[in-house]
Amino acid sequence: MPDDTESKGVIHATKRCPECLNYVPLRTKICPGCKTKLGDVQKHGMAKRKTDWMAYGGFFVAFVALAIYIWWAFL
Ligand SMILES: [Zn+2]
């Protein structure tokens, strides 16, 4: 198990942006370099890439609304 020495019990002071590999403070939620949303720090100090579910949700709702409108208007 090669990963255990580094990952267990190590408190990271910084994390790395998965997009541009900048070091940012742990509590940073948005990378100052590339505006990527950052989650919690992971193994090896890399930040979790955060999926913007609100944007997906908004798109999905708009798509469904459009589909319902088309269905309602043409049938
Ligand atoms: Zn970045």
For residues in region 24-34 being part of a strand (DSSP E or B) and of a type in the set (A, V, I, L, M), which is farthest from the chain's Cα centre (by Cα)? Val24
Scan region 35-44 and tell me whether some residue there is exposed (fewer than 14 other Cβ atoms within 10 Å of the Cβ), near the ligand (Cβ under 10 Å from one of its atoms) and in a loop (DSSP other than H, G, I, E, B). yes
Taking into account only those residues within region 45-75 that are in a loop (DSSP other than H, G, I, E, B) and of a type outside the set (A, V, I, L, M, F, W, C), which is modelled with the lowest pLDDT? Asp52
When region 49-75 is checked residue by residue, the ones that are closer than 16 Å to Cys20 by Cα and either out of contact with any Pro (no Cβ under 8 Å at 6 or more places or on another chain) or of a type in the set (Ser, Thr, Tyr) (or both) are Lys50
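The values are calculated or read from the model by the stated rules, or taken from the named source; none is laboratory data. Fair warning: this is a prediction, and the values are worked out from it, not measured in the lab. Reconstructed Cβ throughout: ideal geometry from the backbone, glycine too, with neighbour counts over all protein chains shown.
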